[in-house]
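As structure tokens, the structure follows; a few thoughts come after it.
The values are calculated or read from the model by the stated rules, or taken from the named source; none is laboratory data. This one's a predicted model, so the numbers in the text were calculated from it and none came from an experiment. Ideal geometry is used to build each Cβ from the backbone, glycine not excepted, and the neighbour counts take in all protein chains shown.
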Amino acid sequence: MAFENPKDNLIVLEKYANKNTTSFTLEDAVSVTGLPVIETDEAIKNMMGKYDCKLKVTENGDLIYDFGSKLERRDKKPFSEYFSDFMGLLWKGFQIGYKLLTSIFLVAYFVIFLVLLIGAAVASEDGDGVGDLLAVMLRVFISIFQWNTIMGYNTRYYRQDNHGYNYQHYKQKERILGKKKKPKNPKDEKSYVASIYDFIFGPPRVVLDPLANNQEVATFLREQKGLVSTSEIQALAGWRREEAENFMTECLGMFDGKGDVTENGTLYGDFSQLIRSKDRTGEEPVVWYWDEYEPEYELTGNSGGRNAGIIAMNTFNLMAAVVLVFGGYMGPLGLNLGFLSQFFLGGFPLIYSSLFFLIPMIRWIRVRPLRKKQHELNIRKRLMRVVFQTYDQGVQHVHEIPLTKLTEVANSQRKTEEKLDAATVERVMKDTLADLGGEAYVNDNAEIIYKFDLIAQELDDVDALRIEKKDDSDLGEIIFEA
């Protein structure tokens, strides 16, 4: 007997999983819980949306729902993630405090600069430009307190890294002074104030969402007759096999899908209900994992000349603070002040100016390995494109590909990207192969051969299903209206 509320059916199934086993078939759950088949199937979908789960297929084509050794909520965060979030909050708090101090120092420089400019304007023969000058300087003053150095998170353009990979980059705030003359280096078009903040903490980096959002998956399903395989989820997100399998089960619960098995034992998701639609405007476009390269990790995002100017400015601050603190000049200058006053005049600027250099140095240590990882991920994307989109010997998707062929095809597809050598491809494939569920062996000619039977079979099977399946996305004409 089923409950009217689906949540109560889910509770029954959770109790069954906790007391008996977290790995079961639909028939197992029906026989033990006593719930009808339809209600049990719905409860399993809700359970897959709530807990980590993998689908397994037996040699007889039966589906097993495997929730691991114990039920683990999908939204559960490990302690390490909580600690990382806490440290992230501390870092953000430090950034706010340090940017506030930077604003105070910049205001002091602004006042000195403004006095000099007004004096020069008044002394010139044409004094009519004072009003325009004040308007420009007001904009400069406001920019001091605009700590976000980009135009907006949706304002992006493409930039190329040192290896020839084009990536998304936020458009940064433009300079206010000297706009009439175009700089030789495009990086010098950035606001000088923004350059100072980026020198310390680095420019914001575009972070690519593996699937953009769930709307992208929905768009893919609608374009592909509601069918998807685990390999295709990997091609969309670049995930490891296990991650893609877990996401597949989440989608089954999220989009009211059904897990099924082909005659060859290929597991796939059928989301026939999702493709029925009246209006498809505003859908998220489908972007394959290899179609967007990883954005570069930048230290400052400034030109060398701009960084030199910023270094000179802070070096002056640092030397002045050192002289005031250790040179004994406060007394001769008539500044017979107490400890706190001496600290704020000398010690505090010394600490600030030292951190001004220390923070980028620490970030440089962190940025170096991240740049290496970014470079390897971009190579991985190129190789995955070959694996998923190469056709071979009359079979639709490639089952085997030699290292030399893989390297050759990857290079033939390049536009501005670097040319890869076989040694680099072999190194990157060592990590990529296991993630894709592939294998490698050496043939009689001493060639390294990569096998992707699982990917090829899944792609072939799901393509065959799409050919056979009738497109049932049209709702038809309205025949009744209430």
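Taken together, P360, P369 contain a single residue that is touching a Phe, Trp or Tyr at 6+ places or on another chain (Cβ under 7 Å) and at pLDDT 95 or above, which is P360. Residue selection: Y268 fails the criterion of being aromatic (F, W, Y) and within 23 Å of D161 (Cβ to Cβ). Residue pairs whose Cβ atoms lie under 8 Å apart, sitting 6 or more positions apart in sequence or on different chains, and linking a residue in region 42-69 that is within 13 Å of A17 (Cα to Cα) and touching a residue at least 12 places away in the same chain (Cβ under 8 Å) to a partner that is aliphatic (A, V, I, L, M) and in a loop (DSSP other than H, G, I, E, B), are A43/L35; Y51/L71.
Return yes or no: is S303 outside the structural domain of G437 (by TED's automatic domain parsing) and surrounded by fewer than 18 Cβ atoms within 10 Å (Cβ to Cβ)? Steps first, answer last, please.
Working: outside the structural domain of G437 (by TED's automatic domain parsing): yes; surrounded by fewer than 18 Cβ atoms within 10 Å (Cβ to Cβ): no.
The answer is no for S303.
Exactly one residue out of Y158, Y192, Y197 is within 26 Å of K373 (Cα to Cα), among the aromatic types (F, W, Y), out of contact with any Asp or Glu (no Cβ under 9 Å at 6 or more places or on another chain) and crowded, with 16+ Cβ neighbours inside 10 Å: that is Y197.
Quick one: would you say Y165 is touching a strand residue (DSSP E or B) at 6+ places or on another chain (Cβ under 7 Å), of a type in the set (F, W, Y) and either at pLDDT 75 or above or over 20 Å from S303 (Cα atoms) (or both)?
Working: touching a strand residue (DSSP E or B) at 6+ places or on another chain (Cβ under 7 Å): no; of a type in the set (F, W, Y): yes; either at pLDDT 75 or above or over 20 Å from S303 (Cα atoms) (or both): yes.
Considered against the rule, which asks whether it is touching a strand residue (DSSP E or B) at 6+ places or on another chain (Cβ under 7 Å), of a type in the set (F, W, Y) and either at pLDDT 75 or above or over 20 Å from S303 (Cα atoms) (or both), Y165 comes out as no.
Might you let me know whether region 302-311 holds any residue that is touching a residue at least 12 places away in the same chain (Cβ under 8 Å) and not in a helix (DSSP H, G or I)? Yes, region 302-311 contains at least one residue that is touching a residue at least 12 places away in the same chain (Cβ under 8 Å) and not in a helix (DSSP H, G or I). Which condition breaks for N46 when tested against (1) of a type outside the set (G, A, S); (2) modelled with pLDDT under 85; (3) in a helix (DSSP H, G or I)? Of the numbered conditions (1) of a type outside the set (G, A, S); (2) modelled with pLDDT under 85; (3) in a helix (DSSP H, G or I), the odd one out for N46 is (2).
When you check Q146 against the structure, is it closer than 23 Å to F356 by Cα, touching a Ser or Thr at 6+ places or on another chain (Cβ under 9 Å) and either modelled with pLDDT of 80 or more or not in a helix (DSSP H, G or I) (or both), yes or no? In short, yes.
Pairs are defined by a Cβ separation below 6 Å, a sequence spacing of at least 6 or placement on different chains, a first member in region 446-457 that is on the phi < 0 side of the Ramachandran plot, and a second member that is among the charged types (D, E, K, R) and part of a strand (DSSP E or B); the pairs so defined are I449/E400; K451/E400; K451/E439. Checked against the criterion of being part of a helix (DSSP H, G or I), at pLDDT below 90, crowded, with 16+ Cβ neighbours inside 10 Å and not hydroxyl-bearing (S, T, Y), region 201-216 has at least one qualifying residue. Looking across region 398-409, the residues that are buried (at least 20 other Cβ atoms within 10 Å of the Cβ) and either outside the structural domain of N445 (by TED's automatic domain parsing) or out of contact with any strand residue (DSSP E or B) (no Cβ under 6 Å at 6 or more places or on another chain) (or both) come down to L406, T407. Filtered by the rule that a residue be surrounded by 19 or more Cβ atoms within 10 Å (Cβ to Cβ), of a type in the set (G, A, S) and either at positive phi or not in a loop (DSSP other than H, G, I, E, B) (or both), region 221-278 gives G226, S229, S231, A235, A237, G238, A244, G253, G259, G269.
Contact map, region 262-274: residues that are at pLDDT 85 or above paired with residues that are assigned to a loop (DSSP other than H, G, I, E, B) and surrounded by fewer than 16 Cβ atoms within 10 Å (Cβ to Cβ), Cβ distance under 7 Å, separation 6+ or inter-chain. Pairs shown: G265/G61. Residues that are among the hydroxyl-bearing types (S, T, Y), modelled with pLDDT under 90 and out of contact with any Pro (no Cβ under 8 Å at 6 or more places or on another chain) do not occur anywhere in region 222-240. Note on region 284-301: among residues that are assigned to a helix (DSSP H, G or I) and of a type in the set (F, W, Y), the one that is farthest from the chain's Cα centre (by Cα) is W290.
The set of residues in region 63-110 being outside any loop (DSSP other than H, G, I, E, B), acidic (D, E) and at pLDDT 85 or above consists of D66, D85.
Kindly indicate the residue of region 370-397 that is among the aliphatic types (A, V, I, L, M) and touching a residue at least 60 places away in the same chain (Cβ under 8 Å) and also surrounded by the fewest Cβ atoms within 10 Å (Cβ to Cβ) among those meeting that condition. Walk me through how you get there before you give the answer.
Start the filter on region 370-397 by keeping residues that are among the aliphatic types (A, V, I, L, M), which leaves 370, 377, 379, 383-384, 386-387, 395.
Filter again for touching a residue at least 60 places away in the same chain (Cβ under 8 Å), leaving 370, 377, 384, 387, 395.
Values: L370: 14, L377: 17, M384: 21, V387: 26, V395: 10.
Looking at residues that are among the aliphatic types (A, V, I, L, M) and touching a residue at least 60 places away in the same chain (Cβ under 8 Å), I get V395.
Given the condition small (G, A, S) and free of Cβ contacts under 8 Å to residues at least 12 places away in the same chain, answer yes or no: does some residue in region 72-87 qualify? Within region 72-87, one or more residues are small (G, A, S) and free of Cβ contacts under 8 Å to residues at least 12 places away in the same chain.
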